[in-house]
Each structure stands twice: as C-alpha cells, then as structure tokens.
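Scroll down for the structure; my scribbles are underneath it.
The values are calculated or read from the model by the stated rules, or taken from the named source; none is laboratory data. Nothing here was measured: the structure is a model prediction, and the numbers come from that model. For neighbour counting, all protein chains shown are included, and Cβ atoms are generated from backbone atoms with ideal geometry for every residue, glycine included. These area figures cover heavy atoms from the full protein model, side chains too; ligands, DNA and RNA do not enter into them. Shrake-Rupley method; radii C 1.70, N 1.55, O 1.52, S 1.80 Å.
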Amino acid sequence: MLVLRILAGVLLLALAWQPTHAQGFEELVRKLASDNFSEKLQAAEKLGDLGDGRAVPALKALADGLLYVRTSDQAPLIQNGSRYFDALTGQGLGELPDSEVGKVRVNNRLRGVIAASLSKLSLFSDDRATRLAAAKAAFANPTPETAVALERALRSEKDPEVMAAIRFSLAAAGVSAGALSDRLKAIEALAGTADPQVRNLLNTVVNDRNAPSEVVKAARDALASIERQLAIVNIIENVFQGISLGSVLLLAAVGLAITFGVMGVINMAHGEMIMLGAYTAYTVQQVCRAVLPADLVGFYLILSLPIAFLVSGAVGVLLERGVIRHLYGRPLETMLATWGISLVLQQAVRSIFDAQNKEVANPDWMTGGFDLVAGFFVSWNRLYIIIFCFLMLAIIAVILRRTAFGLHMRAVTQNRDMAAAMGIPTARIDALTFGLGSGLAGMAGVALSQIGNVSPNLGQIYIVDSFLVVVFGGVGNLMGTLVASLSLGVINKLLEPFAGAVLGKVAVLVFIILFIQWRPRGLFALKGRFVEQ
Amino acid sequence: MPEADRQSLMTPRGWAAFLAVGFVLIVLIPVANRLVTPGGALHLPEYLVPLIGKYCCYAMLAVAMDLIWGYAGILSLGQGAFFALGGYCMGMYLMRQIGDRGVYKNPVLPDFMVFLNWKELPWYWHGFDMFWFAALMVVVVPGVLAFVLGWLAFRSRVTGVYLSIITQALTFALMLAFFRNNMGFGGNNGLTDFKDLLGFTVQSQPTRVGLLIASAIGLGLAFLLCRWIITSKLGRVCLALRDAESRVRFLGYSPTGAKLFVFVVAAMISGVAGALYVPQVGIINPGEFSPANSIEIAIWVAVGGRGTLAGAILGAFIVNAAKTWLTGAAPEVWLFFLGALFIVVTLFLPHGVVGIVRDWQARRSAARATVLASTRPAEAT
C-alpha cells in the first residue's frame, strides 16, 4: 500500500511538470470521478470550457454510466465491454475484478451539462468533420456561452470551411443579443446565405417585440433577400430534378424510339428489357460479392454495364427473330404479342428471383453528394446517371452517323422499300436494331437500379412515360427523343409543387394530347412521302 | 336485292344461335339456380351466378372492343377506362343508397368521406342518389370523354400505334388520379360495402340472378346494336377505313365522323358493362383503370376472332373462364398462360377460334366438293 501511495505521489509530481492547462485537465477529470455531485457538475462544465479534446471519452463515459474509479487510488477508469482503460491516458488496463472498481454515479442534470460541454469540445476535435459538424450544430443554439467557445475555436482553426461555418454560427449568436451595431453586422453577414435555418432565426428576430426597430428592419430586409435566393435555388433544384428525371426517361425511351423509327412497331416488352438489365446488375453484384475481394466489389457496376447490354440485346434479337419478324405490317398485333412477351418475362423473373424487391447497392463512389448551393443537394448517383445518359446518347449518335450499320439503319428508317431495293439487308438491320434498342434498355436498367429498388414491375413504371416521350419527340430522331424526355422531365417537376405529382402527370398527358393536334408526328418528324404508310 | 346498301342483320342460323344463347343465359341458368332443388344434378351452384354475370359484362366490353378494333381498326388500349368510369357512376349511386347504414351513420356522406373529414358532398356527387341520373351518367360520362379524346385524335389523324399509346396513357392517368384520396372517389379502396340497388339487396341471390339476366339482356342488346352498325353504310365505311384509310379519304369520305361515332358508341357500351359489373362483384377501385386490364380486353377479342362480334363474346368467356380456373388452380402459371396466349394468337391464330371453326367448315365443304367432283365437274367457289 505504501508503495502505491509513493507511486501515486511520484505520478502527481510528474504531472505537475506538464503545462498548466494539461494539469487542469487531469485535475478536472479526477474531479469528474468524485463522489460529490456539485463538484462533478463544475468539473464537467469547466472541461467543456477548457477546450481539450482528450476530455471527450471521459465525459461520454460518464454520461453513459461507463466511468469507474479504482478503489485503491481513486483513478478514473473507462469501461469498455469487460475491459478498463485509464481515463487520463487512454492506456488499457485489461480486466479488473468488480471489487477493485466503483461506478461513478450520474444524474440527468449532470448529463445535460455533459452534453453541452461535449458539443463545445467537438469544436476542438482533431477530426475535421467533427469540428465542421459542431460548428454547424452551434448555429441552432446561439447562446452567449457558445459564442465564447466559437470565438476561441476560431482562433485555433486553420481549415477555411470550418472557419466559415464558425463565423456563420457566431453571426447567428450575435443576432439575438449584444450591442446594436454588432447585431446589425451579424444580420448583414447572414443575409448572404439561403439556408432555411437562417430564415427561421431571422423570423424570430422580426417577431421579437423587444428588438430595436433598426434590427427588425435589417432582419426584414435580410429575410426578403433570402426569400429571393431561396426561390431561385428552388427553381434550380426543380430544374435539376427535372433533368435527372428526364435523363432517366431518355435512357428508358431511346432504345424504344430507335426500334420504333426503324421498324414502326412499339415494343411493349421494352420495359422488361430494362428490368432484365437491372436484374443483371443484381446478379453481377451477387457474384462479385462472392468472388472479388471487398475493395474491388464497387466495380461490379462497371462490369455489369456490358453484361446487361449483351443479355438484354440477346433477348431482343431472339424476340425479333422468333416473334416480331412474323408480324411485319401488323403493328397493332405486334404490340399485343410483345405485351404477351412482357408478361412472360415478368413472371419468369418473379419465378426465378421471387417477387421481393432486390437491392442493388450503390458503390462508394456513387453514395452521398455535395451541396452546390445552400439548400440544394446534388447526389452523386443522380449526377452520374445524367452524365451516363449523355455519354450513351453520344455513343448512339456516333453509331448512327459514323458506321455503316448506322447508315443502313437511317436508310431503313426513311424508306424501307427503297433501302431494300438498294441492297441493304433489311431483315438483318431489323434484328440488329432490335438488339441495339434492347441492349440500350438493359444498360438503362443498370442505371435505374442505382436510384430505386429492382422488382419484376420495374419496367412497367417507366413504360407509359417512355411511350409518351416517343410520341412527343417523333421517331427516328435522337434529337427529338432528347428534347422530349428532358422537357417532359422538367415540366413534370416544375408542375409538381403546384399540382402534386399525379395531377402534374395528368397535365402533361393533356398537354401531349393537345400537342399532337399541332404536330401529329411529334416534335421532330421526318418529312416526306414515306411518312404516311 | 331490293335494298342494296343494307345487309340483313343476321342470317337465320345466326338468329337461331343468338336466341339459343339468350335462352340459356336468361331462362335456363336462372331456372337451374332458383327452381331446381340444391343438391340436384341440374342445380347451378350459387357462386356461378355472379361469375357468369361478370362474364356477360366482360363479353359486352369485348363486343365494344371488337366494334372499334375489329371493324374500324382502332386498337384502344384504354377501353377499360370507360368500363371503370361506368362502374364508378354505378358505384356512386350504390354508395348514396347506403344512406345512414354506413359505419359512421352519416345520412349523406359515404364512409370514406367522413373518415377523411369531409364536411359536405362534392358537387359531382350530387344527383347520384337518383337511379335515372346515375344510369344517364353511366353512358354520358364515358361518351363525353370518348368524344373529346376521339375528336382531338381523329381530327388530327392520329391513328394506329399512336392512338393506342394515347389511349393507354389516358387510362394510366385516370388510374393515378383515382388513386388520390382527395379526388373524392374513395382513393385506393374505391367504392364498396354496397347495400341495395333500386330497393333490392345487392348481396341476395334473387338480386344476383336478376343482375345476371340484366347483364345477358345488355349483352344481347349491345350485340344487336353493333351488328346493326356494322351492317349499315357507316359500318362499311369503317371496314374500308380499317383496311385503307388513305384510299377512303381520297374517295371523298371524312373518316373523322365515322370513327368518332363508333368510338363513342363503344365507350358507352363499355360504360354500361361497367355499371352492370359493379353490383355483381361488389366493389370498384382504381385498379380497374390499370393499362394491363385494358390490354387484356384486346386478347379476348383476338382469341375469339376479331371482326366477328360473336367471336368477341366467345373469346371473353373462354379467356375469363380459363383465368378463373387457372388463378385458382395454379396462380403462378396464369401470367405465363396469358402471355403465351397473346403470342400464339397473334402469330398463329389471326382469326381466333371463329377462324378455326370457319377453316374447318371450309375444309369440310371442300372435301364434299371433291366428292361431288368425282361425279360432276367442280364449280369455282
């Protein structure tokens, strides 16, 4: 026992050599483990003001009831599972018998103080993300005490983004109290940001009866400017959403438009080609998870694109050779036959994979996103799909314009009989076109698996909309499909806030019915004698 | 022939078959159900009565579909929308008949409106407490919708696949709209819990037999009406439009009027079929608007044989009987079967069951001709 006392004494002596604020830290953490509640309260509060990140584990442990003291020397310990760690140094002490340790008691008042201190402390954390989150969180709680902590954090902060967040939260704290000129300055600082939180804050200032009239006026002006900004951001956001929806529609419809253009038939099973592509992505994902090392699994998505193209394309060629070519000149019957095929495919997938929704996980590089402007979040998967969609469109354009196959396709689109007379093998072109259109649908399915669940009904969700895109845009023309899908997407999303999603759709449909009064063959119709058949 | 521009409505054999089927549906089935003692060999089980009544409504719908598809070449993939609209009109009347017998005992508002905290009846629900008004709406609402859509479409020469897609989008949009609670049509659950129709209890067996008889009569009238249209001059213009629209136009006919007429008539027949259907199944919900339902109608007609009204009726009965049996016996097989039906019928049986029968008859008479030819030189057919 004596040896231990001496040891503890030496330890204390050694601690005394450390810089003053470190000494304060150790002393306060020891007090945190004392029996006296008022002492613990004080210590918890002071630890928050101290701004030393090392106090975080001890404070957290106390709040969770995991802080213990060693009966022999009153040293604070943190329990983790069955093991104990020194609360001051974080050194592992292994398992200790229950008789050697005593639990530090905690009550709700203490927990409240700890929470406040922890939020202040995270401003000084080593982790940049934690500091940023803390600086942003301080915004919601603009008290003079947080202001003090924020100011101290600002002095030691190096990261520009965290500094901006801290200044922002400081301004919020300055709005509610302090000298008149400071408050006006704070309001001015806030007026530039279109954050919904800022709006709430300024609203409370406007409605605050005790606030001086200058402050209220400044707040009102700031609010007006924020409202304007928010309105603009809102429109931009809707347009982005619309483009995102439009690119999905484009992916779904482009293959349909090509086959419709060349062969004059609507493939009702086109949606199921999309679904097959999505299920291919799911299967490839499952195989990759089983075979590839964990850090390479994210690449399954890239891998599944060509596979989906081949799977859906092969099914498409089979369909054309097996069914559709026997129905030439009977477009309505072709619709019915392909509808039958779609039913069979749906039920087949349901039988093989069961009817449950399958989840195709986003790879790491597609999760999350970034704030383009305050209140306008751009998610990676949406952005990648837009990019992917335009990439695909470019590839199709190159195929159509620069290859012999594309030339033949365009010839058959314009005048099938004449093309055949010129020696173009129309039957082969038909099969290949159908394969291409279906393969594109398969790739679209891979993309769609990234923004929703994969189910046997996946194709049905998009099919009516993609038919409308084809009707609206006209056939045999990529430009028409592009303009039609993007404008339908944007119109849909712009109408949604006023009319709701469903009425927006109905309005779009009415618009298309009226539109074909004016242009019965779509926006970009082919002109000439061959059109009327 | 004394009257060159009108064909006879039906051949004597056709009339015989028509009356025979009518006799079975209107006399034999009710008698076998009501008058034969239960357990007897000839007794018709109770559950079959509304089922056959339902088939009669489907057959009516198929007749309407055949009128526009088989004879005028308009493949409407939204015919189910008119059926459902007629059904909703009837459903609204039946809802108003419930009165204060609902769960919430509200004398005016249907249960779902009370549940959604509506204070008064929306304007479009007024008048549906009177049967004559509801019956009028059953034909007027689908008729007006078909008129507006058809006028817009046919005027600007929207034909073929384009028209099919537009009609499909129409029924899709209506489905989405009717799924909304604040449309005031019961949303997802639709209209149900009906009590009585013109004072008869909807659920009781005599009413069901009555509804079956009404459906059979409706089917017969729809058949005769369509028959009358297609044997008229207008019917021949429609046939010509189906086969060569441009040529008809060049001959100086305006296709718009003829197409619009048959399209509206078909929509009205579909509406009546829907109205007869709802009290027999006891519910109408937005699912009836689903595009899949409408496409199924086309396959009934195709199975029976398009362009033959009797074939449409036959097809509706065959496919729906198969559906009832298969969805009960092996539900996972049904979609395979239906899908295969679509493919097989379009590929191999372009004239449906009626076509098979006709082929068989033709072959038999050809065989007889060869027998005759051995004694006498054959005549050209």
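Below is a table of values for the structure above.
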{"item": "Check on A:ARG5, modelled with pLDDT of 80 or more, out of contact with any His (no Cβ under 8 Å at 6 or more places or on another chain) and open to solvent by 30 Å² or more (accessible area, probe 1.4 Å)", "result": "no"}
{"item": "Subset of region A:393-411 [open to solvent by less than 40 Å² (accessible area, probe 1.4 Å) and either closer than 14 Å to A:ALA257 by Cα or in contact with a strand residue (DSSP E or B) (Cβ under 6 Å, 6 or more places away or on another chain) (or both)]", "result": "A:LEU393, A:ILE396, A:ALA397, A:LEU400, A:MET409"}
{"item": "Unmet criterion (only one of (1) within 30 Å of A:MET335 (Cβ to Cβ); (2) open to solvent by 50 Å² or more (accessible area, probe 1.4 Å)) for B:PHE185", "result": "(2)"}
{"item": "Cβ-Cβ under 6 Å pairs, at least 6 apart or on other chains, region A:501-524 side at the interface with chain B (Cβ under 8 Å from one of its Cβ atoms), far side assigned to a loop (DSSP other than H, G, I, E, B)", "result": "A:VAL502/B:ARG180; A:ILE516/B:VAL158; A:GLN517/B:SER156; A:PRO520/B:SER156; A:PRO520/B:ARG157; A:PRO520/B:VAL158"}
{"item": "Inter-residue pairs, beta-carbon under 8 Å, first over 15 Å from B:GLY86 (Cα atoms) and in region B:120-149, second of a type in the set (Lys, Arg) and open to solvent by 20 Å² or more (accessible area, probe 1.4 Å), 6+ apart", "result": "B:ASP129/B:ARG96"}
{"item": "Set B:TRP15, B:TRP69: member being part of a helix (DSSP H, G or I) and exposed (fewer than 13 other Cβ atoms within 10 Å of the Cβ)", "result": "B:TRP15"}
{"item": "Any hit, region A:395-405, residues being of a type outside the set (Val, Ile, Thr) and within 25 Å of B:VAL161 (Cα to Cα)", "result": "yes"}
{"item": "Test: B:LEU176 is closer than 22 Å to B:TRP123 by Cα and open to solvent by less than 10 Å² (accessible area, probe 1.4 Å)", "result": "no"}
{"item": "Of the criteria (1) buried (at least 22 other Cβ atoms within 10 Å of the Cβ); (2) over 30 Å from B:ILE29 (Cβ atoms), which one B:ARG157 fails", "result": "(1)"}
{"item": "Residue in region A:366-385 that is open to solvent by 90 Å² or more (accessible area, probe 1.4 Å), within 30 Å of A:GLY474 (Cα to Cα), assigned by TED's automatic domain parsing to the domain that holds A:PHE309 and among the aliphatic types (A, V, I, L, M) present", "result": "no"}
{"item": "Residue pairs meeting the criteria (Cβ under 8 Å; at least 6 apart or on separate chains; first facing another protein chain (nearest Cβ under 7 Å) and β-branched (Val, Ile, Thr), in region A:326-345; second surrounded by fewer than 22 Cβ atoms within 10 Å (Cβ to Cβ) and not in a helix (DSSP H, G or I))", "result": "A:ILE341/A:VAL323"}
{"item": "Pair list, Cβ < 6 Å and 6+ apart or interchain, from region A:283-296 residues that are free of Cβ contacts under 8 Å to residues at least 60 places away in the same chain to residues that are aliphatic (A, V, I, L, M)", "result": "A:VAL284/A:LEU303; A:VAL284/A:ILE307; A:CYS288/A:VAL297; A:ARG289/A:VAL297"}
{"item": "Candidate set from region A:216-264 (those that are more than 30 Å from the chain's Cα centre (by Cα), buried (at least 24 other Cβ atoms within 10 Å of the Cβ) and under 29 Å from A:ALA411 (Cβ atoms)); member that is nearest to the other protein chains (Cβ to nearest Cβ)", "result": "A:PHE260"}
{"item": "Hits in region A:265-277 (condition: away from every other protein chain (no Cβ under 11 Å) and either touching a Leu at 6+ places or on another chain (Cβ under 6 Å) or open to solvent by 10 Å² or more (accessible area, probe 1.4 Å) (or both))", "result": "A:HIS270, A:MET275, A:LEU276"}
{"item": "Filter result for A:ARG382 (out of contact with any Cys (no Cβ under 8 Å at 6 or more places or on another chain), farther than 25 Å from A:SER247 by Cβ, charged (D, E, K, R) and in a helix (DSSP H, G or I))", "result": "no"}
{"item": "Some residue of region A:289-301 being among the hydroxyl-bearing types (Ser, Thr, Tyr) and over 27 Å from A:ASP430 (Cα atoms)", "result": "yes"}
{"item": "Selection from region A:346-394 of residues that are small (Gly, Ala, Ser) and in contact (Cβ under 8 Å) with a residue 60 or more places away in the chain", "result": "A:ALA355, A:ALA361, A:ALA374, A:GLY375"}
{"item": "Residue within region B:147-157 that is among the basic types (Lys, Arg) and more than 22 Å from B:ILE284 (Cβ to Cβ) present", "result": "yes"}
{"item": "Residue tally, condition touching a residue at least 60 places away in the same chain (Cβ under 8 Å) and part of a helix (DSSP H, G or I), over region A:395-415", "result": "8"}
{"item": "From A:VAL471, A:VAL446, residue being within 14 Å of chain B (Cβ to nearest Cβ) and of a type outside the set (D, E, K, R)", "result": "A:VAL471"}
{"item": "Among the residues listed as A:SER304, A:SER312, the single one being open to solvent by less than 40 Å² (accessible area, probe 1.4 Å), more than 14 Å from chain B (Cβ to nearest Cβ) and under 26 Å from B:VAL345 (Cβ atoms)", "result": "A:SER312"}
